[in-house]
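Let me begin by presenting the structure, written as structure tokens, before commenting on it.
Each reported figure results from applying straightforward, stated rules to the coordinates on display, with no laboratory input. What you see is a predicted model; the values in this text were computed from it and never measured. Here the Cβ positions follow ideal geometry from the backbone for every residue, glycine too, while neighbour counts run over all protein chains shown.
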Amino acid sequence: MAKELICRVALAVPLHKQFDYLLPAHLISENQHSLIGRRVIVPFGGGYRKQVGVITGLPETSDYAIDKLKAINDLLDHQPLLSDSLYQLLNWASVYYQHPFGDVFQQAIPTLLRKGKPATFNSKEYWQCIDKQMDTAPLSRAKKQLAAFDLLVKQDLPYETLKQRGVSRTTLNSLQEKHYIRSYQQLPSTNLTWAETTQTIEETPQLSTEQALAVTSVTQQLNHFKCYLLEGITGSGKTEVYLNILKAVLAEGQQALVVVPEIGLTPQTIKRFQARFDVPIYLKHSALNEQQQLETWLHAQQGSAAIIIGTRSAIFSDFKNLGVIILDEEHDASFKQQDSFRYHARDFAIKRASQLNIPILLGSATPAFESLNNALMGRYHHLQLTHRPGNARPPKNDLINLAGLPLKSGLSPQLITLMQQHLAKNNQVILFLNRRGYAPVLMCHECGWLAKCQRCDAFYTYHKSANYLHCHHCTATHPVPEQCHDCGSTNLNSTGVGTEQLEETLQQLFPDHPTVRIDRDNTRKKDSFNNYLNDINSGKYKILLGTQMLAKGHHFPDVTLVALVDVDGALFSNDFRASERLGQLFTQVAGRAGRAEKKGQVVLQTFHPEHNLLQELVNNGYADFSRSALTERRLAQLPPFSYQALIRAEALNATQAENFLKLCKQTLNQIADNNKVSERILILGPIPASMERRAGKYRFQLLIQSEQRVLVTKMLNTALAHFDKMPEGRKVRWSIDVDPIDF
Ligand code: ADP
Ligand code: ZN
Ligand code: ZN
């Protein structure tokens, strides 16, 4: 009879330590060697609270007396939940991002598995025809039933699919009563036959020389790690390159992972994948319910998914036989998770590819400076697409100097005239303004008082149609005051322009050209964004007004004029990444113009037309701009020429937050001294965060910087144990952000 075992268990708790438990003899089976990586249910904390954890080790002895150790309640998996390679990589991520392994592990798996559900498929309700030849004449008046029957004549279908195609439960029940169809339960198919069948169903356009070169660079060296940066101007056919690489990988019977910033925003791209390949494609995104999440995950792990297209967290999918990773719009900030486990999906994906020894392709019209630098230094293989296929030509760029011009909700007379010209030719126009709401501030015109959020160092945004003030930083709302808080005057007016106000003005200026506004305020509802896209493409709207959402990857063939209404804020920001983001935004927005046969025009309004950054962007484009901006970064020793980590602390009491970080700094300096690396590491701060007060809390930060990445990792790893023990740390909320992108 086996003896009980000590197991080290990682739990999803915010503590940088793991816990020892006893595995009772009756739970131990023969195959002990595979205990590591299996999930368990354990008692944790007071009372009878149960937690799902993962076994990470089988220590011989524990720091605690054996008789004090609690027993594991249940052992959940028959084998390690994840492949060994993924498990190892999560361990690396836990160390690199200074985040507890238990939580890393939990964030990497589907919600149902986090809750302790088995990693198996549930059977599904399928429907089939009882007799396909059955006379359908009696159904001729029941159109819905007839349509449902016709669908099922072709193949048996799960209820979910029928529902998606508009077949209701009532329709199915009626058909069942009339003995046309019946239901049965079946497990989802996990067969791997896709790997052996003809996969490409749509003809591929003739590739340009540059495209063909990019494709063969990758496909010549499958089963070999290399990171490729595909730098291709907007509309140059990057997606076509991805599709051709996938084709080669699928033909080898290997799976593919495609990571995109936001699935809801790229339905057109997804449709292209589905139209091209007759293989099982699964989408992984936050709108899936828990069951769908689990199924998608299982299909990837068991190999019955050929392609997974997903957002950030899709990089944690486990694959049976992954052949390539493609990361589209690799510069996108959404690839960095901004809370708890602050990983960067791009960096994790590159590690993953390296470990699996497969190629990874990063694609963008506006590469992140990190990636670009790696490509220029020869660490990545640099592929370029420099022109658009067919007749599509790059747009013409212009700056409009706003100084001294009479503006209508931010629009200059020149821009209004240009809009008239483009609209008169029955083309569409995009106006870009990255500010939601009616106006960014409400101001008292007697004394200058500004309506400020009581919980943040930020002004309320005025939303006119809903008639309230809204803080975009803590989501507080407030009724619109009748009077000034300071002087009591009723002369309150909004200043500045948001999308809501611009929309109102556009309707007055262009009553015959319908305007649509696309921002987070009016696309919250499911499908509303998609419906807008359809209405835009059908020509229902002529003027498209929007925030950043409009900049992402869409193809609007009739748009010939794109205008950036106001970007000056980014020119004078104290965030060193602001200029990089402006360059990306300008280029991406500009990329919406003239994507088809028609030549496009891009206009940027500014009070600072002489600014060298704008000049470089507008006259020479992102490629030149980014290379000279990189030189500036090098001179300033900023990333990517150094590596950073931030320790953030927040508390209701400012002194507590600041003091904790001062102690952290002492600890770090001590460690640096002991290891004789003080010269090579910079510890700056603590300083207040750029918004010092947010949602009622005071926020401070400490910056650690070095030219050697491994120094930052090692210092923090050593320091963490000390931070955890500091009593001052219990009074504040603190966190570590490795490779931060937001300050
Ligand atoms: P990107 O992903 O770089 O924005 P896409 O792959 O979407 O570019 O291509 C832009 C447009 O050009 C699409 O309509 C696409 O079908 C078309 N296209 C891409 N490659 C070719 C080609 N080799 N020949 C003809 N049309 C192409
Ligand atoms: Zn006042
Ligand atoms: Zn607020």
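Working from label points 7 Å from Cα in the Cα-to-Cβ sense, the SER690 to LEU635 distance is 2.2 nm. A dipole drawn for the chain from +1 and -1 charges on Cβ atoms has a positive end, and of VAL9, VAL710, LEU423 the residue lying farthest that way is VAL9. Calculated FRET efficiency, ASN223 and GLU679, Cβ-Cβ r, R0 56 Å, to nearest 0.05? It comes out at approximately 0.85. Take 58-70, 420-432 and order them by the average number of nearby Cβ atoms within 10 Å per residue, most first; the result is 420-432, 58-70. Starting from the Cα gyration tensor of region 604-654, take the square roots of the eigenvalues, sort them a ≥ b ≥ c, and report rounded, prolate or oblate (rounded when a/c is under 1.5, otherwise prolate if a/b is larger than b/c, else oblate). Taking the square roots of the gyration eigenvalues as a ≥ b ≥ c, region 604-654 is oblate. Distance between the modelled labels on ILE201 and LEU509, one decimal in nanometres: 4.6 nm (7 Å Cα→Cβ projection). Of the peptides 346-358, 164-176, the ranking by mean beta-carbon count within 10 Å, highest at the top, reads 346-358, 164-176. Just list whichever of LYS247/LYS320; LYS238/LYS425; LYS3/LYS725; LYS115/LYS226; LYS238/LYS599; LYS284/LYS320 have alpha carbons separated by over 25 Å in the model shown. Exceeds cut-off: LYS238/LYS425; LYS3/LYS725; LYS115/LYS226. Equivalent ellipsoid of region 584-726: semi-axes from √(5λ) of the C-alpha gyration tensor, largest first, are 41, 21, 13 Å.
Within the chain, CYS7, CYS129, CYS227, CYS474, CYS664 have no other Cys Cβ under 4.7 Å of their Cβ and so lack a disulfide-compatible partner by this rule.
Temperature 4 °C, viscosity 1.567 mPa s: under these conditions the Stokes-Einstein estimate for region 320-440, based on its Kirkwood radius over C-alpha pairs, is 68 µm² per second.
Among beta bridges identified by DSSP and lying wholly in the chain, the antiparallel ones come to about 55 percent. For ARG709 and GLN185, the difference between the fully extended length at 0.36 nm per residue and the C-alpha to C-alpha distance is 183.3 nm. Dividing the convex hull volume of the alpha-carbon atoms in the chain by its residue count gives 220 Å³ per residue.
Between GLU177 and LEU15, the contour length at 0.36 nm per residue exceeds the Cα-Cα span by 52.5 nm.
Each stretch of four or more DSSP H residues adds -39500 (n - 2.57); spread over every residue of the chain, this sum gives -9500 deg cm²/dmol at 222 nm. At q = 0.17 Å⁻¹, what log₁₀ I(q)/I(0) does region 219-362 have when each alpha carbon counts as one equal point scatterer in the Debye sum? Debye output, listed in q order: -0.93.
At q = 0.11, 0.24 Å⁻¹ the log10 of I(q)/I(0) for region 495-587 amounts to -0.37, -1.39, computed by Debye summation with a single uniform scatterer per C-alpha, solvent ignored. Straight-line reach from LYS143: which aspartates and glutamates have a Cα under 20 Å away, not including same-chain ones fewer than 8 places off? Within the straight-line limit of under 20 Å, LYS143 reaches these aspartates and glutamates: ASP131, ASP135, ASP156, GLU177. Which of rounded, prolate, oblate describes region 65-114, given a ≥ b ≥ c as roots of the alpha-carbon gyration tensor eigenvalues and a/c under 1.5 marking rounded, otherwise prolate only if a/b is larger than b/c? It comes out oblate by the Cα gyration axes. Counting neighbouring beta carbons within 10 Å and listing from fewest to most, the residues CYS227, CYS447, CYS474 come out as CYS447, CYS474, CYS227.
Compute the label zone of THR475 within region 677-699: residues whose backbone N is under 14 Å from the point 7 Å along Cα-to-Cβ. The answer is 695.
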